[in-house]
1. Going toward the positive end of the dipole of the chain, with +1 on Lys and Arg Cβ and -1 on Asp and Glu Cβ, which of L74, V27, Q39 do you reach last?
2. Select one label from (i) 33, 22, 9; (ii) 20, 19, 14; (iii) 22, 15, 10: the one whose number is semi-axes √(5λ) of the Cα gyration tensor in Å as derived from the coordinates shown.
3. With angles folded into 0 to 90 degrees, how steeply does helix 49-63 sit against the dominant principal axis of the chain? Use alpha carbons for both and round to 10.
4. Calculate the dipole size of the range 18-81 relative to its Cα centre from +1 charges on Lys and Arg beta carbons and -1 charges on Asp and Glu beta carbons; express the result in debye to the nearest 20.
5. Mind checking the angle between helix 15-28 and the chain's longest principal axis? C-alpha axes, 0 to 90 degrees, to the nearest 10.
6. What distance in nm separates the simple spin-label points at E71 and A49, each placed 7 Å from Cα in the Cβ direction?
Amino acid sequence: MDRRQAHELLDRLGPAQFTAVAQLLEVLAGEPLLQSLAQAPEEEEEITAETGDALDRSRASLARGEGIPHEEILREFGLTK
């Protein structure tokens, strides 16, 4: 892909999509604050019994096919046409 193709893709994005891509490009281009946030270590928290139960219920729900399709989530956030 060359710059022209990338510009054409950017021109097709809606405002929310463009903002998300612009933020990612800032990180990739080395914007210091965003880059440091992107590279910050993930905090480790202890999983409580309540949270563990909720995770088990969620996994069981997904195993039964009750999850939300990826495409539906993308539509909900305005990331598809």
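No lab work stands behind these numbers, since they all come straight from the coordinates. All of these numbers come straight from a predicted model, not from anything done at the bench. Because the Cβ atoms are built from the backbone with ideal geometry, glycine has one as well, and the counts that use them run over all protein chains shown.
1. Projecting each Cα onto the dipole axis, the largest value belongs to L74.
2. Only one option fits the structure, namely (i).
3. With both axes taken from Cα atoms, the answer is about 70 degrees.
4. That gives a dipole near 480 debye.
5. Roughly 90 degrees, rounded to the nearest 10.
6. In this crude label model, E71 to A49 measures out at 4.3 nm.
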